[in-house]
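A.B. asks: Have a look at this one before I ask anything.
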Amino acid sequence: MAQKGVHLDRESFSCPICLDLLKDPVTVTCGHSFCMSCIQSYWDTEDEKKIYSCPQCRQTFTPRPVLMKSTLLAGLVEELKKSGLQAAPDDPSDAGPEDVACDFCSDRKLKAVKSCLQCLASYCQIHLQPHFESKTFKKHKLVEPSKKLQENNCSLHDEVMKIFCRTDQQSICYLCPVDQHKGHDTVSAAAERAERQKDLEKSRENIQQRIQDREEDVKLLQQEVEAINGSADKAVEHSQEIFNQLICLMEKRRSDVEQQVRSQQKREVSRVKDLQEKLEQEITELKRKDADLQKLSLTEDHNQFLHSYPSLSGPGQPADSSRINIRPQRYFEEVTAAVSEVRDKLQDLLTETWTNVSQAVTEVDVLLSEPPEPEPKTRAGFLRYLQRITLDPNTAERRLSLSDGYRRATCSPQRQSYPDHPDRFTFYTQVLSRESLTGRCYWEVERRGGSVRVAVAYKTISRAGGSDDCLFGNNDKSWRLDCYKDTYEFVHNKVRTDVSGPQSSRVGVYLDHRAAFSFFSKEADLAMSLSTDHLVLLGTPDLQHYSSLRDFMLLQLVKVKLNCLLWAPGLVAVLLNKTEQVQPNTHLCQMGEVFGQVAQSSGEKMSQMNLS
């Protein structure tokens, strides 16, 4: 209660204007007390009308009262200060660091509640009152508190900017059109604001419509997320059931094999033990007879010997005196071999069919809102997807010499001293690139001398030995274009297709992992059909689009799904549709390895390949 009393006393000696303890306190005729400076500043604003009022009770005075310091109040204030109550208690109306402070509060800054665009000042609730009471301030524009009021003042003339210059697109004061903005298209700031307010409303309508559209898209995407999650959960659940069935089947087969082996084991062990028991009985009988014969041989009585001998000698040999024949000790090894064969066949089957499962997973594509970019049809279009290719020395066959920063491969009769590496080709003169290619990629290969083979392959292609699994184009993991002196030949999985075209020293390769099957222009006309297996379309496009490309030919190999562009004097572009023709068996990041193969033809100069 004592603290509350002190608090009330403090409020009694606080200035109603600045809300701080009275400084040089004065008391006006109505009895209210203020700081000398606060009431003087307040009355200064009323000098024009010559009628002065109390800020607290609104009693008016004429003329302006003469103020004298109240020594009694000053003494009481000093006593309060000595009691330790130096500062006023925290008040929500106090201005914080982030608030706009009143420009007229002296010691204790209060929050501004309005800013005046004419006065270029901010006011608290108390100092704002004259704007509501005096006719002088009635037309002033009050806005929400702002710290940027000085930006409304002209830096040249120190006047409020109420005009907008459309020529220079900036706000100006009423003096600016006289000199700097003379002759410019000017309107009032309010008129320009009204016009731009209309544009702003239109922009808001567009934004709100976009927000609505995006919110619908978000809801749709959320539904897609739920659908994807549900579908994925079902796929995982069904796959787990299927794999559990396979596991149960394998477990049953394992149990069957174990049961058969144990049953056969029991039968064979029983047969062996029966024969073993019979032989042991025979051994016992033979030992007894041997003991009797030994005893008879020691008999000294000739007549007794002759009398007993016939009964003891009996048959000289048992009925079955042959030795036991036992098979080589393989026993159940053939069972193990048979099970191993089943395992190998299952592994081969899973390897062959697993790509279908993997491809089905990777082909899940939900977002179809953005159409794919059109396929390029000119060299300039291909160069947008230019990929710098460097050759991997760890894969180069030892007859290939790499130079120019691993961007040139030369076929040499001298074997290079490359270190052993599991990724190295050991038989065919081939080399892979260091880069794994994804998306759309384009690169060019320049050849010199003999024939050159340019190809695209999976990283998982075999490396060791001279089998077809290692040779580019002779398996389902690689595609190859053979560039001879006068002809070209495409090879995939040992299927060869002749490709006619002009001689070219440069080969351009374009790889698109996810492109649609056909991208060619409508200007290409059907010219001929070579066979039902490989349909070749020869086109004659408008050469104004290819002014530098003579003897242009367009080919589309349907069966192998290889898109190929050939033109002279120097470019062959090969395009692969991986989603249509490539069976992925590795991670996507390892797919699309590019390589060049350099082969030396008999009777020709040494072959050389450059990546440009």
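The values are calculated or read from the model by the stated rules, or taken from the named source; none is laboratory data. Because the structure is a prediction, the values reported are computed rather than measured. Cβ sites come from the backbone with ideal geometry, for glycine too, and all protein chains shown count toward neighbours. Heavy atoms of the whole protein, side chains included, go into the accessibility calculation; ligands, DNA and RNA do not. Shrake-Rupley method; radii C 1.70, N 1.55, O 1.52, S 1.80 Å.
A.B. asks: Residue under question is Gln264, and the condition is that it be part of a helix (DSSP H, G or I), under 28 Å from Ile326 (Cα atoms) and within 60 Å of the chain's Cα centre (by Cα); does it hold?
C.D. replies: The answer is yes for Gln264.
A.B. asks: Residues in region 27-63 that are under 19 Å from Gln129 (Cα atoms), of a type outside the set (A, V, I, L, M) and either touching a strand residue (DSSP E or B) at 6+ places or on another chain (Cβ under 7 Å) or crowded, with 17+ Cβ neighbours inside 10 Å (or both): how many?
C.D. replies: Residues that pass the stated criteria total 15.
A.B. asks: Take region 406-421 and flag every residue that is assigned to a loop (DSSP other than H, G, I, E, B) and open to solvent by less than 60 Å² (accessible area, probe 1.4 Å).
C.D. replies: Of everything in region 406-421, those that are assigned to a loop (DSSP other than H, G, I, E, B) and open to solvent by less than 60 Å² (accessible area, probe 1.4 Å) turn out to be Arg407, Ser412, Gln416, Tyr418.
A.B. asks: Across region 385-405, what is the number of residues that are part of a strand (DSSP E or B), under 19 Å from Gly449 (Cα atoms) and either in contact (Cβ under 8 Å) with a residue 60 or more places away in the chain or touching a Pro at 6+ places or on another chain (Cβ under 9 Å) (or both)?
C.D. replies: Selection size over region 385-405: 2.
A.B. asks: State all residues of region 485-502 that are modelled with pLDDT of 75 or more and either part of a loop (DSSP other than H, G, I, E, B) or open to solvent by less than 20 Å² (accessible area, probe 1.4 Å) (or both); if no residue qualifies, say none.
C.D. replies: Lys485, Asp486, Thr487, Tyr488, Phe490, Val491, Asn493, Lys494, Thr497, Val499, Ser500 - these are the residues of region 485-502 that are modelled with pLDDT of 75 or more and either part of a loop (DSSP other than H, G, I, E, B) or open to solvent by less than 20 Å² (accessible area, probe 1.4 Å) (or both).
A.B. asks: I would also like to ask the following. For region 28-60, what are the residues that are part of a helix (DSSP H, G or I) and either of a type in the set (Ser, Thr, Tyr) or in contact with a Pro (Cβ under 8 Å, 6 or more places away or on another chain) (or both)?
C.D. replies: Met36, Ser37, Ile39, Ser41, Tyr42
A.B. asks: When you check Leu275 against the structure, is it under 30 Å from Val361 (Cα atoms) and not charged (D, E, K, R), yes or no?
C.D. replies: So Leu275 fails the test.
A.B. asks: Just for region 475-484: of the residues that are part of a strand (DSSP E or B) and of a type outside the set (D, E, K, R), which one is farthest from the chain's Cα centre (by Cα)?
C.D. replies: Among residues in region 475-484 that are part of a strand (DSSP E or B) and of a type outside the set (D, E, K, R), the one farthest from the chain's Cα centre (by Cα) is Cys483.
A.B. asks: Please determine whether any residue of region 333-351 is more than 29 Å from Phe427 (Cβ to Cβ), in contact (Cβ under 8 Å) with a residue 40 or more places away in the chain and open to solvent by less than 40 Å² (accessible area, probe 1.4 Å).
C.D. replies: No, region 333-351 has no match at all.
A.B. asks: Continuing with this model, one more query. Among the residues in region 151-166, are any assigned to a loop (DSSP other than H, G, I, E, B) and in contact (Cβ under 8 Å) with a residue 40 or more places away in the chain?
C.D. replies: Looking through region 151-166, none of the residues is assigned to a loop (DSSP other than H, G, I, E, B) and in contact (Cβ under 8 Å) with a residue 40 or more places away in the chain.
A.B. asks: Looking at Glu277, Glu282, Glu201, which one is surrounded by 10 or more Cβ atoms within 10 Å (Cβ to Cβ), in a helix (DSSP H, G or I) and in contact (Cβ under 8 Å) with a residue 24 or more places away in the chain? Write out each step before concluding.
C.D. replies: Numbers: Glu277 fails: in contact (Cβ under 8 Å) with a residue 24 or more places away in the chain; Glu201 fails: in contact (Cβ under 8 Å) with a residue 24 or more places away in the chain.
Just a single option satisfies the conditions, and that option is Glu282.
Table: residues versus (1) surrounded by 14 or more Cβ atoms within 10 Å (Cβ to Cβ); (2) at pLDDT below 85; (3) within 30 Å of Thr60 (Cβ to Cβ).
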{"position": "Asp103", "(1), (2), (3)": "yes, yes, yes"}
{"position": "Arg108", "(1), (2), (3)": "yes, yes, yes"}
{"position": "Val113", "(1), (2), (3)": "yes, no, yes"}
{"position": "Leu120", "(1), (2), (3)": "yes, yes, yes"}
{"position": "Gln150", "(1), (2), (3)": "no, yes, no"}
{"position": "Val160", "(1), (2), (3)": "yes, yes, no"}
{"position": "Gln170", "(1), (2), (3)": "no, no, no"}
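A.B. asks: What single numbered condition from (1) aromatic (Phe, Trp, Tyr); (2) at pLDDT 90 or above; (3) touching a Pro at 6+ places or on another chain (Cβ under 9 Å) fails to hold for Phe427?
C.D. replies: (3) is the only condition that Phe427 fails.
A.B. asks: Can you name the residue in region 503-519 that is part of a loop (DSSP other than H, G, I, E, B) and not aromatic (Phe, Trp, Tyr) and, of all such residues, is modelled with the lowest pLDDT? Break it down stepwise before answering.
C.D. replies: Within region 503-519, the subset part of a loop (DSSP other than H, G, I, E, B) is 503-505, 513-519.
Those left that are additionally not aromatic (Phe, Trp, Tyr): 503-505, 513-516, 518.
Details: Gln503: 75, Ser504: 75, Ser505: 79, His513: 65, Arg514: 59, Ala515: 48, Ala516: 30, Ser518: 25.
Filtering first and then ranking leaves Ser518.
A.B. asks: Where residues in region 61-83 are outside any loop (DSSP other than H, G, I, E, B) and either within 27 Å of Lys49 (Cβ to Cβ) or of a type outside the set (A, V, I, L, M, F, W, C) (or both), which of them is nearest to the chain's Cα centre (by Cα)?
C.D. replies: Lys81
A.B. asks: Looking at region 179-198 only, could you name the residues that are part of a helix (DSSP H, G or I) and over 24 Å from Cys119 (Cβ atoms)?
C.D. replies: Glu195, Arg196, Gln197, Lys198
A.B. asks: Is there a residue in region 321-329 that is of a type in the set (A, V, I, L, M) and either touching a Lys or Arg at 6+ places or on another chain (Cβ under 6 Å) or modelled with pLDDT under 80 (or both)?
C.D. replies: yes
A.B. asks: Also, I was wondering about something else. Considering only region 93-117, how many residues are in contact with a helix residue (DSSP H, G or I) (Cβ under 8 Å, 6 or more places away or on another chain) and within 22 Å of Cys173 (Cβ to Cβ)?
C.D. replies: Let us first name the residues in region 93-117 that are in contact with a helix residue (DSSP H, G or I) (Cβ under 8 Å, 6 or more places away or on another chain), namely 104, 106, 114-117.
Then keep just the ones that are within 22 Å of Cys173 (Cβ to Cβ); that gives 115-117.
Qualifying residue count, region 93-117: 3.
A.B. asks: Additional query: Output the number of residues of region 374-384 satisfying the condition of being part of a loop (DSSP other than H, G, I, E, B) and either exposed (fewer than 12 other Cβ atoms within 10 Å of the Cβ) or hydroxyl-bearing (Ser, Thr, Tyr) (or both). Let's see the steps before the verdict.
C.D. replies: So in region 374-384, the residues part of a loop (DSSP other than H, G, I, E, B) come out as 374-378, 384.
Right, trim to either exposed (fewer than 12 other Cβ atoms within 10 Å of the Cβ) or hydroxyl-bearing (Ser, Thr, Tyr) (or both) and you get 374, 378, 384.
Adding up the residues that qualify gives 3.
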